Amino acid sequence: MSGYPQVDALAGQIRSGSVRALARGLSWLEADTPDGDALVEALYPFSGRAHVVGITGAAGAGKSTLVTALTRLFRASGQTVGVLAVDPSSPYSGGAILGDRIRMADVGSDPAVFIRSMATRGALGGLCAVARDAVDVIDAAGKEVVLIETVGVGQDEVEIMRLAHTILVVSVPGLGDDIQAMKAGLIEIADIHVVNKADKDGAHRTVAELQAVLPPTSAYGWTTPVLSVVASTGFGVSDLATQVTAHANHLRATGEWQRRERQIAEFRVVKLAQRLVARRLTQPVHSGGDLANDAFDRVADRRLSPRQCAETLLSYPSHQRDLHVRPRHSQEDLERA
Ligand SMILES: Nc1nc2c(ncn2[C@@H]2O[C@H](COP(=O)(O)OP(=O)(O)OP(=O)(O)O)[C@@H](O)[C@H]2O)c(=O)[nH]1
Ligand SMILES: [Mg+2]
């Protein structure tokens, strides 16, 4: 119970499987409102059951096509599926979202499949946090497999992958040097490598190149497979779905699942704390006598060092930031400095 009737009502509807409520809840998250935060709080205890699978790779590698093909297979084996396409570049998102929707139209009409695209809105370091909160909400709605698609460029997208249990890195034959360089950063995070567009020349070579640079068998005994697929026809996707499920089973059997959950929890909490601190420090000034503003003046005048100032600001509880409570540096310290 969140204490907010409209939040509790929506949380209940989401848990009982209302697609409309789920869509609405995700809109709350995207808008970065207190209601969205309260909703995540209310649903968090009911999340944690879904197998979260991240799919990343260069733009146009066929990720959405692959997600659609995988979704069909998971549905055929009786699993419910949530899909979250995280678009890093909001200016282009309109088109990309529409494209994803059209291609997913056939699985999209299945009530056991929930598909959502999210754009970043430039939230303060928030893409990753919003994406993972969204996954929890979809998870609490009962989806057994949640697929997250992101383009594998940029720190945010790689970070989103760190929130998944199983990471698929999608490559295609005959990429240029720059894209190969991008891929190098992704090689070590892959649990499964997928070489898509195997109907094109050079797929064997790409598979061999990946196999040559793969890390050895992991500490928990998983050897990263490199699979050739043609997402557009479904060739090889059944083997891929089998490997995705095998990875989840392997995680559970070895205790690696709990270790990753722990790692994800730590990563999320640290990220969120950073976000809250950043938000606190950039909050609008309420009064003319704002301590931070005075302090910035002193830093500019070389009467206070940036580090002293930063440490002082961090030591203030948020509700007393422009008051005079000071565990470490005092108002007098600032005054004197
Ligand atoms: N030849 C061939 N084309 C494919 C294959 N899979 C996907 N495509 C095509 O590749 C293009 C891009 O596919 P998407 O699934 O949109 O790729 P994406 O990685 O999701 O793209 P972004 O989300 O824009 O980064 C489309 O025209 C697909 O039809 C494949 O296996 N073989
Ligand atoms: Mg896509």
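Test of understanding: ordering Lys197, Lys271 by Cβ neighbours within 10 Å, fewest first, what list do you get?
Lys271, Lys197
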For Val213 and Thr33, what does the FRET efficiency come to when R0 = 41 Å and r is the distance between their Cβ atoms, rounded to the nearest 0.05? 0.40
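Around Val229, with a cut-off of 9 angstrom between Cβ atoms, what is the net charge of the other residues, counting Lys and Arg +1 and Asp and Glu -1? Before the final figure, lay out the partial values.
Details: positive: Lys197; negative: Asp239.
So the environment of Val229 carries a net charge of 0.
Going by a ≥ b ≥ c, the root eigenvalues of the Cα gyration tensor, does region 192-271 fall in the rounded group (a/c under 1.5), the prolate group (a/b larger than b/c) or the oblate group?
On the way: a/c = 2.15, a/b = 1.95, b/c = 1.10.
It is prolate, given that a/c is not under 1.5 and a/b is the larger ratio.
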First select every other residue whose beta carbon is under 12 angstrom from the beta carbon of Glu144; then total the charges, Lys and Arg +1, Asp and Glu -1. +2
On full extension of the chain, what length is gained from Asp201 through Asp297, given 0.36 nm per residue of separation minus the C-alpha to C-alpha distance? 28.3 nm
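Every read-out reported here was derived from the displayed coordinates using simple, explicitly stated rules and does not represent laboratory data. Please read these numbers as outputs of a predicted model, since none were measured by experiment. Backbone-built Cβ (ideal geometry, glycine too); neighbour counts: all protein chains shown.
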